[in-house]
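Report on the following structure.
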Amino acid sequence: MKIKVEETPLYIKVNPKDNVAIVVNTWGLEPGAVFPCGLELIERVPQGHKVALTDIKENDAIIRYGEVIGYAAAFIRKGSWVDESLVKLPSSPDLKELSIASQVPESMPPLEGFTFQGYRNKDGSAGIKNILGITTSVQCVTGVLDFAVKKIKEEILPKYPNVDDVVAINHSYGCGVAINAPLAEIPIRTITNLAKHPNFGDEALVIGLGCEKLSPMRIAPDREERDILSLQDQSGFMSMVQSIMEMAEERLIKLNRRKRETCPVSDLVIGLQCGGSDAFSGVTANPAVGYAADLLVRAGATVLFSEVTEVRDAIHLLTPRAVNEEVGKALIREMEWYDQYLLRGEVDRSANPSPGNKKGGLANVVEKSLGSIAKSGSSPISGVLSPGERADKKGLIFAATPASDFVCGTLQLASGIHLQVFTTGRGTPYGLAMAPVIKVATRNALAEKWEDLIDINAGSIATGEKSIEEAGWEIFHFILDVASGHKKTWTEQWGLKNDLALFNPAPIT
């Protein structure tokens with residue numbers, strides 16, 4: 001049991017314009033607590049929640065990050081808790097009034113001399129894991145494939161020590177769907193690009209049923225017939241299983257011959273995501289990840305940030321960073337598409353944040369968005385991907401995805417990420433089978449409580465023990481160590497993985 005230690009009252013004010021700050025102290029602060037600046041609390045404020053730095057009149061702007069996060073629903077006294085109920089949601093930025101490519105950051109000096117040990121693929125790309133991937137063209141075959149993969153791992157994989165894993169790419173698509181609907185392109189290209197993942201070494205198999213709408217050849221047009229198995233052509237269950245196992249072993253033999261070699265950082269595609277966010281996300285972990293993202297971009301890598309609903313309310317800070325008008329308009333296009341998507345579902349952006357986010361101090365989606373985009377660092381935005389599209393450019397790219405952890409993770413895998421850097425304040429055991437997930441904590445308390453789930457603690461930024469730059473370099477080096485196989489993330493060590501979750505806005509028939 002941890003003993004409560006008296007701490008000097010501390011708060012974090014992000015921008016000189018801010019009229020609120022968040023409480024740093026682990027257990028929150030009680031009435032009468034006095035900050036070093038002389039501000040005295042008049043009521044209890046939990047950790048991560050906002051304290052009013054001045055009197056805020058009803059309907060006056062509440063400012064954090066130098067931006068309006070809402071308007072006061074009632075008079076808020078200096079030194080009081082700015083609870084979410086006191087923050088009225090402001091309007092989203094008008095997409096027709098955005099500045100585009102008006103403040104493109106200057107390119108930073110190249111970062112040279114950094115490499116990783118990866119597996120070179122036939123198409124010139126590189127992988128950081130050596131995995132046999134087996135994808136499905138329809139959900140009907142999932143049970144058979146899972147049975148076969150279990151036997152492969154138990155009976156065959158031990159003979160091939162250079163192969164890291166055998167992964168079934170299961171999903172809920174393939175039949176009973178409007179396969180030719182315009183929006184069906186999203187799940188179809190996602191499945192197609194998952195099968196091309198660079199960690200699979202060009203040896204992925206495709207298992208189909210035989211009567212599905214989504215034919216195996218459509219999702220794997222470049223693969224030979226010997227790479228595709230149709231279960232309806234087999235003579236019973238064990239014949240199906242045996243055929244999958246035989247096809248798998250043929251590829252395991254090839255994969256086992258692969259050796260790591262020195263690769264430039266420019267071969268890497270890194271995904272950035274946050275989940276279980278709190279009010280510290282935007283001042284500790286996300287800025288540190290943003291600094292690491294800038295280092296990766298300087299080294300020539302591709303870096304993806306995502307989550308449309310957690311970007312939409314800060315889009316006015318991103319379109320000026322677009323490298324040109326085309327990229328800026330593409331950013332706006334993805335925001336407009338999602339606005340309409342939510343409208344069709346008769347919901348709005350107030351559905352985000354989650355109850356846990358609010359418990360962690362986030363009042364609304366505006367505050368969450370301003371913290372979320374800190375992951376993007378300060379590099380120019382060089383491209384935009386629609387959901388499930390494969391990355392084909394270097395630099396910082398916005399990959400449009402929903403904010404859902406598992407849907408975003410699936411779409412980023414389809415875009416080709418080798419690994420994902422995932423920031424969290426509330427904590428989540430989320431993981432991916434196809435790629436390592438590096439967990440970065442926003443708070444010391446979480447890193448201490450989950451010491452066998454958190455890889456890097458950025459919480460020490462809040463207490464002044466570590467700078468954003470120091471944490472950014474730590475994340476950068478850890479990425480290269482994981483990519484080289486020198487270190488394993490906790491999710492890898494425990495074998496934690498979430499199911500793939502396709503984004504399918506098209507009709508189901």
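Every read-out reported here was derived from the displayed coordinates using simple, explicitly stated rules and does not represent laboratory data. What you are looking at is a predicted structure, and each value in this text was computed from that prediction instead of being measured. Because the Cβ atoms are built from the backbone with ideal geometry, glycine has one as well, and the counts that use them run over all protein chains shown.
General observations
- HN-Hα J in Hz across segment 472-482 - Karplus 6.51, -1.76, 1.60, θ = phi - 60°, x for Gly and Pro: x, 5, 4, 5, 4, 5, 5, 4, 5, 5, 5
- Using a cutoff of 8 angstrom between alpha carbon atoms and counting only pairs six or more residues apart, the relative contact order for segment 171-279 works out to 22 percent.
- Taken over the C-alpha atoms, segment 100-219 has Rg and Dmax values of 18.8, 59 angstrom.
- Among the GluC sites (Glu not before Pro) within segment 445-479, those in coil by DSSP and having at most 12 neighbouring Cβ atoms inside 10 Å are Glu451, Glu465.
- Contour minus Cα-Cα distance for Glu470 and Ser235 (0.36 nm per residue): 78.6 nm
- Leading residue at positive end of dipole, the chain (Cβ point charges), from Gln103, Ser372, Phe422: Phe422
- Ordered by the number of other Cβ atoms lying within 10 Å of each residue's own Cβ, fewest first, Phe147, Phe422, Phe478 fall into the sequence Phe147, Phe478, Phe422.
- The chain, relative contact order in percent, only Cα pairs under 8 angstrom and at least six apart counted: 18 percent
- When you restrict to C-alpha pairs under 8 Å that are six or more residues apart and normalise by the size of segment 272-494, the relative contact order lands at 31 percent.
- Residue pairs, from the table Lys213/Lys394; Lys259/Lys439; Lys196/Lys439; Lys13/Lys394; Lys78/Lys359, whose Cα atoms sit over 31 Å apart: Lys213/Lys394; Lys13/Lys394
- Each Lys and Arg adds +1 at its Cβ and each Asp and Glu adds -1 at its Cβ; summed about the Cα centre, segment 29-88 shows a dipole of about 60 debye.
- Positive-pole candidate from Ser281, Val206, Cys408, dipole of the chain, charges at beta carbon: Val206
- Centre-to-centre separation between the Cα atoms of segment 1-78 and those of segment 79-114: 22 Å.
- Separation of alpha-carbon centers, segment 310-345 and segment 448-486, rounded to whole Å: 30 Å
- Simple spin-label estimate for Arg344 and Ser102 in nanometres, 7 Å along Cα-Cβ: 3.2 nm
- With 0.36 nm allotted per residue and the present C-alpha distance subtracted, the Glu185-Gln242 stretch has 17.2 nm of extension available.
- When shorter helices are ignored and each DSSP H run of at least 4 residues is given -39500 (n - 2.57), the per-residue value for the chain at 222 nm works out to -7500 deg cm²/dmol.
- Shown in residue order for segment 252-258 are the 3J(HN,Hα) couplings computed by the Karplus curve 6.51 cos²θ - 1.76 cosθ + 1.60 at θ = phi - 60°: 5, 4, 5, 5, 5, 7, 6 Hz (x for Gly and Pro).
- Dipole check for the chain: with +1 at the C-beta of Lys and Arg, -1 at the C-beta of Asp and Glu, and the Cα centre as origin, the magnitude is about 340 Debye.
- Ranking Trp450, Ile253, Cys140 by how far each Cα lies toward the positive end of the dipole of the chain (charges on Cβ) leaves Ile253 at the top.
- Using R0 = 22 Å, the C-beta based FRET efficiency linking Lys359 and Glu43 works out to 0.80.
- Net dipole in debye of segment 380-485 [+1 Lys, Arg Cβ; -1 Asp, Glu Cβ; about Cα centre; nearest 20]: 340 debye
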